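The values are calculated or read from the model by the stated rules, or taken from the named source; none is laboratory data. The shown structure was predicted, so the numbers you read here are calculated from the model rather than taken from an experiment. Methodologically, a virtual Cβ is constructed for each residue, glycine included, from the backbone with ideal geometry; neighbour enumeration extends over all protein chains shown. All accessible areas refer to the heavy atoms of the entire protein, side chains included, with ligands and DNA or RNA removed. Shrake-Rupley method; radii C 1.70, N 1.55, O 1.52, S 1.80 Å.
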Amino acid sequence: MFFIFGLRTKVDRSGVVQQVCRHCGNHAAQVITRRSTKFTLFFIPLIPVRTRYAQQCTFCGAQYEISKSDAERLPVG
């Protein structure tokens with residue numbers, strides 16, 4: 001008998017926000033993404049291991065992590 005297990009990461013686009021980029025300083029669209037990693041058993045996601053939120057500038061491409069409270073607070077449109 002054998003078990004097939006591992007981790008699977010799913011990336012969801014939460015929305016787009018118009019803000020000034022921390023890296024380049026331009027007022028551009030910022031894409032908010034949520035990455036959730038789950039433990040899988042026989043390719044079925046069971047237990048959430050980690051959830052991270054990121055913000056990426058569409059002008060310069062810089063990406064940086066943001067907290068969950070910041071991601072929920074942003075006016076996504």
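Would you pick out the residues in the stretch 20-74 that are of a type in the set (S, T, N, Q), within 30 Å of Gly6 (Cα to Cα) and part of a strand (DSSP E or B)?
Thr33, Ser36, Thr37, Thr40, Thr51, Gln55, Gln56, Gln63
So Leu7 clears everything in (1) in contact (Cβ under 8 Å) with a residue 40 or more places away in the chain; (2) assigned to a strand (DSSP E or B); (3) out of contact with any Gly (no Cβ under 9 Å at 6 or more places or on another chain); (4) open to solvent by less than 90 Å² (accessible area, probe 1.4 Å) except one condition, right? Which one?
(4)
For residues in the stretch 57-77 being open to solvent by less than 70 Å² (accessible area, probe 1.4 Å) and either of a type in the set (S, T, N, Q) or at positive phi (or both), which is nearest to the chain's Cα centre (by Cα)?
Ser67
For the stretch 34-62, which positions are within 15 Å of Ser14 (Cα to Cα) and aromatic (Phe, Trp, Tyr)?
If the condition is that a residue be within 15 Å of Ser14 (Cα to Cα) and aromatic (Phe, Trp, Tyr), then Tyr53 is the only one that fits.
Considering (1) farther than 16 Å from Pro75 by Cα; (2) surrounded by 12 or more Cβ atoms within 10 Å (Cβ to Cβ); (3) of a type in the set (D, E, K, R), say which one Asp12 fails and leave the rest.
(2)
If you scan the stretch 36-56, which residues turn out to be open to solvent by less than 50 Å² (accessible area, probe 1.4 Å) and either among the β-branched types (Val, Ile, Thr) or touching a Phe, Trp or Tyr at 6+ places or on another chain (Cβ under 9 Å) (or both)?
The answer is Thr37, Thr40, Ala54, Gln55.
Taking interchain pairs and intrachain pairs at least six residues apart, which have beta carbon atoms under 6 angstrom, with the first residue in the stretch 15-41 and within 18 Å of Asp70 (Cα to Cα) and the second open to solvent by 60 Å² or more (accessible area, probe 1.4 Å) and of a type in the set (D, E, K, R)?
Filtered contacts from the stretch 15-41: Thr33/Arg13; Arg35/Arg52; Ser36/Lys10.
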